[in-house]
Amino acid sequence: MFKNVIVRVPSKTISEGLTSADEGKPIYEKALVQHENYVSALTKTGVNVTVLGPEDDFPDSCFVEDVALCTSKCAIITRPGALSRRKEAALPDMLEALQKFYDTIEYIEDPGTIEAGDIMMVGDHFYIGLSARTNEEGAKQMIAILEKHGLSGQMVEMKEMLHLKTGLAYLENNNLLVAGEFKTAPEFKDFNKIEVEISEAYGANCIWMNGYVIVPEGYPNVQQKIEALGYKVLVVDTSEYRKIDGGLSCLSLRF
Ligand code: CIR
């Protein structure tokens, strides 16, 4: 069960966020409203939400998932592969927030790079995607830290997606939502795979929260498949974040 969540309010500069999408720039006012609705949905799942203030120098800083991995034993501050995001990982208010919950904070160091959107937690095991943002050295450091704390990790090769969790969501009970290249990846063959069709690929970025699954608005087939598994579904519109390659998981740290 998750007890705590950390989010960061989007900044006015969100329109300058990194993107590979061709969907126009996010509209700040709409992004703010969508963020409020996201926080309301999280609150419904019974967690305590810590809300950090906006950081105008970092257009992508609302995507807090990438800057830390929060495990049951320690928090690990990452070293983002995207240069414009690297200093997000050391923002003092984030460190302070994490220190309230964790006695042990670990760090990924140069030349390692890793963004925790590339890390999927399944119990005490962590799958780490080797993406354009996460290099092998970063993944090795992460696995060494996990093992030091009695946890484990493994690397996953990937080619198509921005982050591992762009195309994967673990819904507990061995249920794994999979899109694109991950449908056939050998690492995931023993999961009960719920396949997401290409036209709804963005909908693969859902989050399991204490028996609920939060699903992005506008992906009816994904929603239906998740409901059919018996989960309570909460729907949140993330269309402004999609414009800069962000989704539901990216917007929070959950632990
Ligand atoms: C970026 O390119 O870094 C942001 N525009 C989107 C980050 C999405 N984060 C995630 O998938 N964990």
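The values are calculated or read from the model by the stated rules, or taken from the named source; none is laboratory data. None of the values given here were measured: they were computed from a predicted structure. As a convention, Cβ positions derive from the backbone with ideal geometry for all residues, glycine included, and neighbour counts pool all protein chains shown. SASA here: full protein model, heavy atoms, side chains in, ligands and nucleic acids out. Shrake-Rupley method; radii C 1.70, N 1.55, O 1.52, S 1.80 Å.
Given a 1.4 Å probe and heavy atoms of the protein chains only, how would you sort Lys183, Lys30, Lys3, largest accessible area at the top?
Lys3, Lys30, Lys183
What net charge do the residues around Lys25 carry, taking every other residue with its C-beta under 14 Å from that of Lys25, with Lys and Arg at +1 and Asp and Glu at -1?
Working: positive: Lys12, Lys30, Arg242, Lys243; negative: Glu16, Asp22, Glu23, Glu29, Asp60, Glu240, Asp245.
Every neighbour counted, the sum reads -3.
Could you state the orientation-averaged shadow area of the convex hull built on the Cα atoms of segment 4-254, in nm² to one decimal?
Result: 11.9 nm².
Which sequence of Ser84, Ser131, Ser20, Ser252 reflects their accessible areas, 1.4 Å probe, from the largest down?
Largest accessible area first, the residues go Ser20, Ser84, Ser131, Ser252.
Just to confirm, what accessible area per residue do you get for the chain at 1.4 Å probe, in whole Å²?
The answer is 43 Å² per residue.
Can you check what the net charge comes to around Asn210, using other residues whose Cβ is under 12 Å from the Cβ of Asn210 (Lys, Arg +1; Asp, Glu -1)?
My count for the surroundings of Asn210 gives +3.
If each residue of separation counts as 0.36 nm, what is the full-extension length gain between Lys140 and Tyr107 once their alpha-carbon separation is subtracted?
Result: 10.6 nm gained on full extension.
Going down the table (Lys73/Lys243; Lys12/Lys87; Lys30/Lys159; Lys183/Lys225), which pairs top 26 Å between alpha carbons?
Lys73/Lys243; Lys30/Lys159
Just by accessible area at a 1.4 angstrom probe, what is the order of Arg8, Arg133, Arg242 from largest to smallest?
Arg242, Arg133, Arg8
Within the chain, what whole-number % of the accessible surface is contributed by carbon and sulfur, with the 1.4 Å probe and all protein chains included in the calculation?
On the way: 5510 of 11030 Å².
Here carbon and sulfur together make up 50 percent of the probe-accessible area.
Could you compute how much accessible surface Met209 exposes when probed at 1.4 Å, giving the result in Å² to the nearest 10?
Its accessible surface works out to 0 Å², give or take rounding.
Considering only the chain, what is the antiparallel percent among its DSSP beta bridges, to the nearest 5?
Here the antiparallel bridges make up roughly 40 percent for the chain.
Of the candidates Thr238, Thr19, Thr113, which one comes out as most mobile in a Gaussian network treatment of the chain with C-alpha springs shorter than 10 Å?
For the chain, modelled as a Gaussian network with Cα springs under 10 Å, the answer is Thr19.
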